[in-house]
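The values are calculated or read from the model by the stated rules, or taken from the named source; none is laboratory data. Quantities reported herein were computed from a predicted structural model and do not represent experimental measurements. Here the Cβ is made from the backbone with ideal geometry for all residues, glycine too, and neighbour counts use every protein chain on show.
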Amino acid sequence: MVPPEGRTAILAWYAATGRELAFRRSTDPYHVLVSELMAQQTQAERAALAWEAWVERWPTVADLAGAPVADVLRAWAGLGYNRRALALHRAAQAIVADHGGVVPGDVGALEALPGVGPYTARAVAALAFGRPVGAVDVNVRRVLGRMASGGAEAYAPKAMQELADAVVPPDAAAAWTHALMDLGARLCKPAKPRCADCPATAWCRYAAGERPAAAASQAPVTRRVAPRFETTRRWLRGRILDRARDVAPGEWAAYPDAIGAHQHVAVREAMLDLAAEGLLEAREGEDGPEARLPG
């Protein structure tokens, strides 16, 4: 468990040194939802820049729900994982259709929205509504696991969620959520954590030298050498979408050749997968496959 003194120290550290990110200035539930989906697997600073342009263009849920999906996908350029853009658009439509255009504050209702999982639902509930729930991402898991037991490997997912929920200060859920994210991103790093600079060192079992055994329900981690990004299917999907973004609205982009190290058959397969997911419209043109953003 994280003692009250440790929580007080972390909140004081965040109040004095917390990152100034644009989306932290708003507690509007829709704005928070946008920022959380943008920041998944994307640098917070880059997400913050994109967020400012996004909420200026579509300041309300209804504005986004009524936007053409092609415009939404164009606005998502540079953030990666383009399915998040489609999920956010569908979530906005669901909020308008099922919740009268008002983002729900209940975790269960949030989790029912397209693209919103347990972490995002709890982040929105805590940051926008002040609900005392713990949003557990990889950084938060590492911080809490190290403080409470010397390492996150001591906790199965359900136990970690219970720990995260239990330590949220009831009157400071939003600040606490931001503070743990900052602590994990800036100091409590996976390798070479900066324990000497951490506000919670005095209450941290990891800093004291403790290292736990893995939770029995957790499978051992097998480390693999990651392939070069340019050889991955994710890279190829991004380049296919970028080409579709570059043509004028309604026009078709042609894909007659290989893209990078990916041969034409792989390009065609990836394009068809993107079309099946609703991220593209595809057809067979005179010189090969063509695609455009959905209308």
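Table for the structure above
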quantity: Test result for residue 52, free of Cβ contacts under 8 Å to residues at least 60 places away in the same chain, assigned by TED's automatic domain parsing to the domain that holds residue 176 and farther than 26 Å from residue 152 by Cβ; calculated: yes
quantity: Enumeration of residues in segment 252-286 that are closer than 22 Å to residue 89 by Cα, in contact (Cβ under 8 Å) with a residue 12 or more places away in the chain and not in a helix (DSSP H, G or I); calculated: 277, 278, 279, 280, 281
quantity: Qualifying positions in segment 64-81 - surrounded by 21 or more Cβ atoms within 10 Å (Cβ to Cβ) and either more than 12 Å from the chain's Cα centre (by Cα) or outside the structural domain of residue 30 (by TED's automatic domain parsing) (or both); calculated: 64, 72, 73, 76
quantity: Condition met for residue 125 (part of a loop (DSSP other than H, G, I, E, B), small (Gly, Ala, Ser), under 20 Å from residue 21 (Cβ atoms) and not assigned by TED's automatic domain parsing to the domain that holds residue 270); calculated: no
quantity: Failed criterion for residue 191 (all others in (1) within 16 Å of residue 2 (Cβ to Cβ); (2) over 18 Å from the mean Cα position of the chain (by Cα) hold); calculated: (1)
